[in-house]
């Protein structure tokens, strides 16, 4: 039997569909051997067990919160699906839809994992200090992850047997099975000469969202900031999940804005996206409303 082909999985939902399209294109564009791996998109619409929990309470950071598919990041449980989709064989990389290849992801797929099941990087800030690992980019040895059963473990959130943050931060994994790669493979809002995978992780400044109403639900834990948690929980209760949150801001690094829209421009040129699709995404408030004007001003990316 032929070995399972290494695969990069991009998990997404309807709100971040555009990012997933651009991400998939970037992975192949910047690979030395684009035929050496597959890219597959895992979309929430194809996994109804997520939508079946709409409005039900689950456990996050020790607090109960209502699950909604309209949250910007309702795709995150699907990070744990690739081993199942690979038949628990072979290598996989799983990434968020706001991550774009600057260099060859094939180098990561071929990395010596030294017997580990997972390679990733630590989170930064307060979450990092609490021991949270960044599961937004993971290199997986699928044969070593037969205990990952995404739908079953998602269901445990709603029985209050599993905390979302413990799950997403990989705190439920045996630490001995986790290794680390360089931060350039999940570069948080940093685009430099050594960046391999650029992650526009700060949702407030995602380059394609500038000026749109904020549509994610913030954490309701204090993370070292006095009274932040209680204030955010009160805001949520009085004004709804996105009330009083304002609008997305422009990314402080114009190079990252130009990089994203340079990729979009190439997707248009190659027929992977159409102007009509961009207009539809703008109408849904998934894409900034000046996107077409910005594309006209965006220079071509270097080959």
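Only one of the numbered conditions (1) under 29 Å from residue 107 (Cβ atoms); (2) under 15 Å from the mean Cα position of the chain (by Cα) is violated by residue 74, and that is (1).
Every listed requirement among (1) farther than 15 Å from residue 78 by Cα; (2) part of a loop (DSSP other than H, G, I, E, B) is met by residue 107 save one, (2). Before we move on, is residue 195 in the same structural domain as residue 72 (by TED's automatic domain parsing) and touching a strand residue (DSSP E or B) at 6+ places or on another chain (Cβ under 6 Å)? Taking the combined requirement at face value, the residue satisfies it.
Just to be sure before I move on: is residue 211 at pLDDT 95 or above and over 16 Å from the mean Cα position of the chain (by Cα) in the structure I sent? Give the derivation first.
On the way: at pLDDT 95 or above: yes; over 16 Å from the mean Cα position of the chain (by Cα): yes.
Yes: the conditions hold for residue 211.
Residue 59 falls short of the stated requirement of being over 22 Å from residue 138 (Cβ atoms) and part of a helix (DSSP H, G or I).
Would you be able to say whether some residue in region 223-241 is modelled with pLDDT of 75 or more and within 30 Å of residue 67 (Cβ to Cβ)? Show your work before the answer.
Kept after step one, since they are modelled with pLDDT of 75 or more, are these residues of region 223-241: none.
Among the residues of region 223-241, not one is modelled with pLDDT of 75 or more and within 30 Å of residue 67 (Cβ to Cβ), which makes the answer no.
Can you tell me which residue in region 198-208 is modelled with the highest pLDDT, limited to those that are closer than 22 Å to residue 74 by Cβ and not in a loop (DSSP other than H, G, I, E, B)?
Going residue by residue through region 198-208, those that are closer than 22 Å to residue 74 by Cβ are 199-208.
Now restrict to residues that are not in a loop (DSSP other than H, G, I, E, B): 199, 203-205.
Working: 199: 98, 203: 90, 204: 92, 205: 95.
That would be 199.
Flag not set for residue 270, criterion: at pLDDT 95 or above, farther than 25 Å from residue 102 by Cβ and surrounded by fewer than 14 Cβ atoms within 10 Å (Cβ to Cβ).
Please go through region 285-296 and pick out each residue that is part of a loop (DSSP other than H, G, I, E, B) and out of contact with any helix residue (DSSP H, G or I) (no Cβ under 8 Å at 6 or more places or on another chain).
If we filter region 285-296 for residues that are part of a loop (DSSP other than H, G, I, E, B), which is where we start, we get 285-290.
Matches in region 285-296: 285, 290.
Being in a helix (DSSP H, G or I) and surrounded by fewer than 16 Cβ atoms within 10 Å (Cβ to Cβ) is a description that applies to residue 52. Residue 4 satisfies every condition listed in (1) under 18 Å from residue 152 (Cα atoms); (2) assigned to a loop (DSSP other than H, G, I, E, B) except (1).
Among helices (runs of 4 or more DSSP H) entirely within region 110-189, having at least 2 residues that are in contact (Cβ under 8 Å) with a residue 60 or more places away in the chain and within 23 Å of residue 68 (Cα to Cα) singles out 150-158, 164-168.
The values are calculated or read from the model by the stated rules, or taken from the named source; none is laboratory data. Here the structure is a predicted model, which means the values were calculated and not measured. All Cβ positions, glycine included, derive from the backbone under ideal geometry; neighbour counts span all protein chains shown.
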